[in-house]
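Data first, discussion second: the structure below is written as structure tokens.
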Amino acid sequence: MLNLLVCIRRRTSYHIHFLSCASSLRSPILRLSNMDSSRGQNGIQQLLAAEQEAQQIVNAARNAKLARLKQAKEEAEKEVAEFRAQMEAEYQRKLTETSGDSGANVKRLEKETDAKIQHLKTEAERISGDVVGMLLKHVTTVRY
């Protein structure tokens, strides 16, 4: 004989029952102590109902988790979009600072160029006599 311990949940408490099974027979014979067959069917129905309730709880938790993940993804995408917009605005601001005053930059470059040209002209006038003298000396001097 094989003794099995079965725990059945009632509304307010748990009831423990022993099942005896004759293992030597082809089909096991189960003997329920303190339970008749209608109470046994009721217990099975309660177990099935509890299983369905547990499945509903698991499904609800799974759906809640998916909803939280979806919400977190949407919030992350929103933050990324805000950051991208902020970086784009900063880039556009810097771009307008450097190229927005292109008229002023052109005027500044023209002044610098004119100053350099004037400097080259004054230097050329200052040393032009020496250069002409050096050229005449090399052209008129004959070496053997």
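I need the phi-derived Karplus couplings for segment 87-99: 6.51 cos²θ - 1.76 cosθ + 1.60, θ = phi - 60°, integer Hz, Gly and Pro marked x.
Working through the residues one at a time gives 5, 5, 5, 5, 4, 5, 5, 5, 5, 5, 5, 7, 9 Hz.
By a straight-distance test (C-alpha under 12 Å), which aspartates and glutamates pair with LYS116 as possible cross-link partners, with residues fewer than eight away in the same chain excluded?
Straight-distance partners of LYS116: none at all.
What full-extension length gain, to one decimal in nm, is calculated for ARG108 and LEU69 as 0.36 nm per residue of separation minus the Cα-Cα distance?
Values: separation 39, 0.36 × 39 = 14.04 nm, distance 5.66 nm.
Length gained between ARG108 and LEU69: 8.4 nm.
Among the lysines, which fall within straight-line cross-link reach of LYS137, defined as a Cα-Cα distance under 25 Å, with same-chain neighbours fewer than 8 residues apart omitted?
Result set, ordered by chain and number: LYS121.
Using 0.36 nm per residue of separation minus the Cα-Cα distance, give me the extension gain between TYR144 and ARG126 in nm, one decimal. Present the calculation step by step, with values, prior to reporting the outcome.
Values: separation 18, 0.36 × 18 = 6.48 nm, distance 3.36 nm.
My answer for the length gained is 3.1 nm.
Report, ordered by chain and residue number, the lysines lying within cross-link reach of LYS70, taken as a straight Cα distance under 27 Å and ignoring same-chain residues fewer than 8 apart.
Partners found: LYS78.
Since every read-out is calculated from the coordinates, none of them should be taken as a lab result. Keep in mind it's a predicted model, so treat the numbers as computed, not measured.
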